[in-house]
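Some notes on the structure that comes next.
The values are calculated or read from the model by the stated rules, or taken from the named source; none is laboratory data. No experiment lies behind these values; they were computed from the predicted model shown. Counting neighbours? That spans all protein chains shown, and the Cβs are built from the backbone with ideal geometry, glycine included. Please note that ligands, DNA and RNA were not included when accessible areas were found on the heavy atoms of the full protein model with its side chains. Shrake-Rupley method; radii C 1.70, N 1.55, O 1.52, S 1.80 Å.
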Amino acid sequence: MKLSIRNQLQGTVAQVEVGGVMAVVKVTLSGGDQVVASITKDAAEDLGLETGSAVTVLVKSTEVSLAVE
């Protein structure tokens, strides 16, 4: 499958918190950083996400903001 999304990060699911409609998925990247994604409960179930699952985090955004402290 070819994707137009250039930001693709390999990781492992660290935690899945499923709510009534949404699921929060925490993914640990190879360097130890974590990315958190909110997806629908149905999508999490369709993907079969569980702790330890290997996943690719796809990031596509038209705007990214940074702040300096």
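So, in the stretch 39-54, exactly how many residues are open to solvent by 40 Å² or more (accessible area, probe 1.4 Å) and among the polar types (S, T, N, Q)?
2
Within the stretch 1-15, can you find the residues that are under 19 Å from GLU50 (Cβ atoms) and open to solvent by 80 Å² or more (accessible area, probe 1.4 Å)?
GLN10, the sole residue that qualifies.
So which residues in the stretch 1-23 are among the aliphatic types (A, V, I, L, M) and under 18 Å from LYS60 (Cα atoms), if there are any at all?
Taking the stretch 1-23 first, the residues among the aliphatic types (A, V, I, L, M) are 1, 3, 5, 9, 13-14, 16, 18, 21-23.
Matches in the stretch 1-23: MET1, LEU3, ILE5, LEU9.
In the stretch 19-29, what residues are open to solvent by less than 60 Å² (accessible area, probe 1.4 Å) and part of a loop (DSSP other than H, G, I, E, B)?
GLY19
Residue-wise test of (1) open to solvent by less than 90 Å² (accessible area, probe 1.4 Å); (2) of a type in the set (Val, Ile, Thr); (3) touching a strand residue (DSSP E or B) at 6+ places or on another chain (Cβ under 6 Å); (4) in a helix (DSSP H, G or I).
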residue: GLU17; (1), (2), (3), (4): yes, no, yes, no
residue: GLY31; (1), (2), (3), (4): yes, no, no, no
residue: ALA37; (1), (2), (3), (4): yes, no, yes, no
residue: SER61; (1), (2), (3), (4): yes, no, no, no
residue: VAL64; (1), (2), (3), (4): no, yes, no, no
residue: VAL68; (1), (2), (3), (4): no, yes, no, no
